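The values are calculated or read from the model by the stated rules, or taken from the named source; none is laboratory data. On a predicted model such as this, the values are computed, not experimentally measured, just so you know. Here the Cβ positions follow ideal geometry from the backbone for every residue, glycine too, while neighbour counts run over all protein chains shown.
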Amino acid sequence: MKGTPLLLDMNARRTDWTRLSDAALLAQCAVDTYRASGPGGQKRNKTSSAVRLRHAPSGLLVIAEESRSQHENKARALRRMRQALYLKIREELPPEDRLPEKLAVRDEVRAARDAAGRLRPGRKSPHYWPAVGLVLDLLQALEGRVSEAAEALGTSTANLIEFLRDDDKVWEQINQLRTRFGHKPLR
């Protein structure tokens, strides 16, 4: 799924998938376990602790093989699947939903703001990835124009760029999106 993000039709929605419980999301995935190569001592090649998840409805694939525990790797893979859904799946934002007054009341935006109104959730916040998904949807709708997205979100361009820069994968995604629309990548 590298390259262009998947734009969803109205029947399949990212928000529906990301609101699922871990068990329900896992039920939508094909789960493979395998023996990972690399360091880890004698036990490494004796247990199938690495986990690969393929989300059938979206086609996204994630892996986790850091731990010697299959249970820990499955939990990591589920977290990565949720992140991948926010990063790679775009939901269309019609023009009427891009208005500042409409965006200001969305849960993703309200929960991501600090007392001064800036976008500030840390990556460990449960509000971070939903906010990232909405910002990327907005940037997709505005053809990668960061200043217009910041205006629609009621924040400064500098604050929006700082928010996007907080995670390398988000930064990579925004630059791919901007390049696709003929803009220079952000530095």
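Below, the figures for the structure above:
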| read-out | value |
| --- | --- |
| Yes/no for Arg68 being over 27 Å from Leu160 (Cβ atoms), assigned by TED's automatic domain parsing to the domain that holds Ser21 and within 16 Å of the chain's Cα centre (by Cα) | no |
| Residue in region 93-106 that is free of Cβ contacts under 8 Å to residues at least 40 places away in the same chain, more than 16 Å from the chain's Cα centre (by Cα) and under 22 Å from Leu20 (Cβ atoms) present | yes |
| Counted residues, region 151-187 - those being under 13 Å from the mean Cα position of the chain (by Cα) and free of Cβ contacts under 8 Å to residues at least 40 places away in the same chain | 5 |
| Of the criteria (1) on the phi > 0 side of the Ramachandran plot; (2) surrounded by fewer than 19 Cβ atoms within 10 Å (Cβ to Cβ); (3) at pLDDT 90 or above, which one Gly144 fails | (2) |
| Within region 29-53, tally of residues that are at pLDDT below 95, of a type outside the set (Lys, Arg) and in contact with a helix residue (DSSP H, G or I) (Cβ under 8 Å, 6 or more places away or on another chain) | 8 |
| Index of the failed condition, Leu136 passing every other in (1) over 23 Å from Thr18 (Cα atoms); (2) modelled with pLDDT of 95 or more | (1) |
| Among the candidates Pro100, Pro121, residue that is out of contact with any Ser or Thr (no Cβ under 9 Å at 6 or more places or on another chain), at pLDDT below 90 and not assigned by TED's automatic domain parsing to the domain that holds Pro57 | Pro121 |
| Residue count for region 75-131, restricted to those that are loosely packed, with under 13 Cβ neighbours inside 10 Å, within 22 Å of Glu148 (Cα to Cα) and of a type in the set (Lys, Arg) | 1 |
| Complete set of residues in region 89-126 that are more than 16 Å from Thr155 (Cα to Cα) and among the hydrophobic types (A, V, I, L, M, F, W, C) | Ile89, Leu93 |
